[in-house]
Structure formats: C-alpha cells, structure tokens
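The values are calculated or read from the model by the stated rules, or taken from the named source; none is laboratory data. Source: prediction; values computed, not measured. Here the Cβ positions follow ideal geometry from the backbone for every residue, glycine too, while neighbour counts run over all protein chains shown. We work out accessible area using only protein heavy atoms, side chains counted, and drop any ligands, DNA or RNA first. Shrake-Rupley method; radii C 1.70, N 1.55, O 1.52, S 1.80 Å.
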Amino acid sequence: MLARVFSGAVFGVEAYPVEIEVNAGGGEVNIVIVGLPDAAVRESKDRVWTAICNSGFHPPRGRTTVNLAPADVKKEGPSFDLPIAIGMLIASDALEDANAADYAMVGELALSGEVRRVRGVLPIALAVRRQGVRGMLVPADNAEEAAVVDGLDVYPVRSLRQAADFLRGDLKIVPLKVDLADLRGHGREHVEDFADVKGQESAKRAIEVAVSGGHNILMIGPPGTGKTMLARRLGSILPDMTLDEALETTQIHSIAGTLRSHQALVTQRPFRAPHHTVSDAGLLGGGAHPMPGEVSLAHHGVLFLDELPEFHRNVLEVLRQPLEDGFVTISRAAGSVTFPSRFVLVAAMNPCPCGYFGDPKRACNCGSMKVQNYRNRISGPLLDRIDIHIQVPAVRYQDMSALAAGAASETIRARVQQARAVQTARFRTSRRVTCNADMGAREVQAHCRLDGAAQSLLRMAMTDMNLSARAYDRLVKVARTIADLDGAETVRDVHICEAIQYRTLDRGL
C-alpha cells in the first residue's frame, strides 16, 4: 500500500515542502530511504522501527521504500522521523482511516516513541501555510514557535501514539494559539542598567547616538575603564523590535537551534559576543550544510567584538560585506545560501599592545611604530565602516566615589525610541532603509540638509583630517542622528562638531 505524508525542510533561512511517500510491499523485511538523505535521515529507519514497536504498533512486514520528494535536494536532520513513522503505519494498514493528507508534520522520535523538538520549525510552518495545508503536527516543545504563524492550526504532540490517535480521530487535540501582543509586551528582561556605570558620560552619549541611528561604534581605552561594562548594558537601551523584525530574528534562531524549549518568539534584540578565537566560518556562517554564523544570529541586534585587534585578520575582513550590505552569501557546490545580517557592531580595543598609550598616569612601553602596527591590524576599509570611534579614558576617583547615579537605561531608552520614531516616519516609504545608518547616497542628499555654518565646518574637517568619501557619509549620517536626538530638522554646526569628535582614529597618533 502507498501512503503520502507532508513535511518540510530548511534551506538557508527559508523552507520548502517535502512530500514523503511510503510504500510497503512483500519480500524480505527491509527499509530503504531514497531522495538524497544525509546520515541522520538514513539512521531514522532504526529509530522509527523501534519507536513503532515501543508504541504498541506492528511494524511493516516486507520491503518498505521511503521516498523524500523533491529527490534532487539534500535532506538532513532527524525532523522526518515522525512523518516517516506515520507513513509506515498507514502503508502497512496499522493506522486505518488516518486523515494524514490534511496535515504536515515534523519531529524527531526517541526509541520510546516520544516526539522530541527539532530545529527550523518556524520557517517550515511558514512554508506549510503557503502550500495551503490545514494544520501541522509538531513536537510539544516547538508548538509555541510554530503557533506564531497566523492562519495555521498547530497541534502539539508528545508521542507517536498520541499523533496516531489524533489522525485516526480517537483523540482530540486543541490547536495552540499564542497572543503575539502579549509576547512582545513581556519581552524586556534587563538586569544591568546604565545607572550602575560611574562616570564615562561622553562614552554613554556616544553609545546613545550609535543606538539611536543604528551606527557601528568602536571604543578605545586602557584596561579597566569599563568598555565591556558599557557594551553589556547596551541591550537595555535598544528600541523595541517590530513584529516583522521579531519573526525574522526568530526564524534565524530557530534554524540555528538556539531557541529555548517552548519559546515562541525572540522578543529582545540579540546580543552576540563571540570570543576572539572565532573562525571566519563561525562568524560568517558556513559548513557543508551552511548554518547561520554570529553575524546572522546578531540580526536586528548587536554584535560585540571585545579586544578587536586580537581577532584574526581574515576574520575581521569577512565583516566588510555584512556591514555594508546587511546580508551574507555563502556559496557551496550545492548552491548559494543568503543569511540576513543587519546588526549594530560594537567593538572595544586597547590603544596599544600594553594598553596605556596616552594615559596621563601610566607610562606606555610601546614605541610609536609598535602602536601603529597594532592599530593596523584593523584595516582602513573596515574602519571606514565603523561610524563612531571614541576614547574611553580611565575613570576619575571623584566619579567612582560619587553617590549620585547616572542616567538610567529607561531614560536613555526613551530618547532612543523618540529618535527612532522620527526615522521610522522619515523612511516609511522605503523597505530597505529603517534607520539613519542604512541611508544611501540618495537618502543622505534628501534628508541631511546642512546649514551654512555646518557646511563650512564639514569642509574644514574633510581637508584637515583627510577623510575618505565613505567616512564623509558616515560623519553626515551621525550628525543627522544627533540632530534627531536634538529634535532639529536641519543639521547644524553643533551637530557636525559633535560628530567630528566621534572620529578619534582619523586624527592619527
């Protein structure tokens, strides 16, 4: 007997439908899986056979052929266990009157018949909905994740027996529903606050500007000045995610398998901080079957690189494309995969190998050539893509001992939200540009009007500091963000002046 069951598989950040055909015939007992299965899929026949037996069913007798269509695309992972098992039960008449054609299903089977959670359920649910399937059976631990897809009935199942009883009509399962508005309303869980940071008011201001406009920022200072402390608190002032941003981010984390059990949606902007020993594949993504890297896991959030010059040169250079384009393309023999990677880069570094170049109280034992070589580990093209670079000096005693706390994260975040609201209204007709940092040459010309004094000051800065054309654009975009925080329509000289202060490395040693 021939049975047909529907499922899905992930390729990149998207998914495509998979039709599973199971045919049970005569001959010796044997299970053959075709359709370009990987090792995990080929091994599923042993898991499925044992799960069927331990769930109280009789496994197929004779030769059983399982075809995963389309047959020209590689299938990977254990998510086909549940649909293969259901198909085998129908094909061998162990599951009669099953209405399996109305449902798609995914799930890994334990030997006991328990259904375990799998990766990529959200993109598969989106693909299933586009195919017009009535509902979807998913592991109970993945149910909330799939239920965020509007217009698709999601049925959580905990075992093969439960799934079979439901398809046969002997068991009723209520489709799971989630309230997206409620999920997004309870998303902020930040313990660390900017009020805990003593001093460093200029650094806090620069971070506020960076977050308000989506600008990349580099903090330069000796050890112990609070660079990492500031970066760790940056998440507490990030603006709320839109529903589209949350869905897109959740999709990436679902594929990477970083979602928690029963987590429906990524409601907080990601904060990723890879170690400086990370490889270019770990940062960018890759593998035989390409998976998202750190730049994609930080999509719509923050990528923090501490001790920036300690990263391998080739690792830093691969950042140039995602910083410029907002996506990364990984090419393999089987095809190309594109992962979104629009994030705010926050980096920190010492001013020299010993860390005390320019410190008024501690002597630096590095010569000027050694300092220059240390800074040259970060290439000019990469620095051009960092809008803001600031000095973070040692904290003074009077600042450390002060009883008064600085501005709280909620206060700073309110100003950030207000500036982002201005930018949302400004770019409401554009799908590509969402904040000032995303502006291209056309948007800069249209939205960054400078008064006479600002133009004169900018002309002087370009001449004296010998800035590149890309650095000029970055400077104007930062000035536009400062003007937005100031509530000004036109970019004035004070905004340009502050933006120039955020170009520390352009001034030389």
Seminar exercise, completed: For Arg116, the residues 5 or more places away or on another chain with a placed amide H closer than 5 Å to its own amide H are Glu108, Leu109, Ala110
Problem set entry | Residues Asp93 and Val32, FRET efficiency given R0 of 22 Å [Cβ-Cβ distance, rounded to 0.05] | 0.65
Seminar exercise, completed: Carbon plus sulfur, as percent of the 1.4 Å-probe accessible area of the chain, comes to 49 percent
Problem set entry | Solvent-accessible surface ranking, highest first, for Phe339, Phe357 at 1.4 angstrom | Phe357, Phe339
For this session: Just reorder Asp387, Asp196 by solvent-accessible area, largest first, 1.4 Å probe, all chains present.
Result: Asp196, Asp387
Exercise. Given a Förster radius of 30 Å and the C-beta distance between His289 and Cys53 as r, what FRET efficiency does 1/(1 + (r/R0)^6) yield to the nearest 0.05?
Worked result: 0.45
Exercise. Which shape class, rounded, prolate or oblate, goes with region 64-145 when its Cα gyration tensor gives a ≥ b ≥ c as root eigenvalues, a/c under 1.5 marks rounded, and past that a/b bigger than b/c marks prolate?
Worked result: rounded
Seminar exercise, completed: If every Lys and Arg gets +1 and every Asp and Glu gets -1 at its Cβ, then about the Cα centre the chain yields a dipole, in debye to the nearest 20, of 1140 debye
Exercise. For the chain, what number of Lys pairs, 8 or more residues apart or on separate chains, have alpha-carbon atoms under 20 Å from each other?
Worked result: 7
Problem set entry | Expected 222 nm ellipticity per residue - DSSP helices of 4 or more, -39500 (n - 2.57), all of the chain, to 500 | -10500 deg cm²/dmol
Exercise. Using a 1.4 angstrom probe with every protein chain in place, what is the largest-first accessible-area order of Asp484, Asp150?
Worked result: Asp150, Asp484
Seminar exercise, completed: Expected unfolding gain across Glu192-Lys370 under the 0.36 nm per residue rule, minus the alpha-carbon gap, is 60.4 nm
For this session: Once you have the Cα-Cα distance between Leu176 and Thr338, take 0.36 nm times their residue separation minus that, and quote the gain in nm to one decimal.
Result: 55.2 nm
For this session: Give the shape of region 329-458 as rounded, prolate or oblate, defined through the alpha-carbon gyration tensor: a ≥ b ≥ c are the square roots of its eigenvalues, a/c under 1.5 means rounded, and otherwise the shape is prolate if a/b is larger than b/c and oblate if not.
Result: oblate
Exercise. What shape does the chain have by the C-alpha gyration tensor, where a ≥ b ≥ c are the square roots of the eigenvalues, rounded means a/c under 1.5, and otherwise prolate means a/b greater than b/c and oblate the rest?
Worked result: prolate
Exercise. If one computes the Cα centroid of region 245-299 and of region 203-235, what distance in Å separates the two points?
Worked result: 22 Å
Problem set entry | Thr463 accessible area, assembled protein chains, probe 1.4 Å, Å² | 100 Å²
For this session: Could you let me know the centre-to-centre spacing of region 467-509 and region 410-450, using Cα atoms, in angstrom?
Result: 15 Å
Seminar exercise, completed: Computed from the beta carbon distance with a Förster radius of 45 Å, FRET efficiency for Gln445 and Gln398 to the nearest 0.05 stands at 0.45
Exercise. What residue among Ile20, Gln423, Gly35 has its Cα farthest toward the positive end of the dipole of the chain, where the charges are +1 on Lys, Arg and -1 on Asp, Glu, each on the Cβ?
Worked result: Gln423
Problem set entry | Additional length obtainable on full extension of the chain from Glu324 to Arg134, 0.36 nm per residue less Cα span | 64.3 nm
For this session: Write down the accessible area per residue of the chain in Å², having rolled a 1.4 Å probe over the full set of protein chains.
Result: 44 Å²
Problem set entry | Label-point gap, in nm, between Val73 and His276 - each point 7 angstrom along Cα→Cβ | 4.3 nm
Exercise. In nm, to one decimal, how far is the modelled label at His262 from the one at Met460, with both set 7 Å along Cα→Cβ?
Worked result: 6.3 nm
For this session: Give me the accessible area of His389, 1.4 Å probe, in Å² rounded to the nearest 10.
Result: 0 Å²
Exercise. Against the longest principal axis of the chain, how steep is helix 469-486, in degrees 0 to 90 to the nearest 10, with axes from Cα atoms?
Worked result: 90 degrees
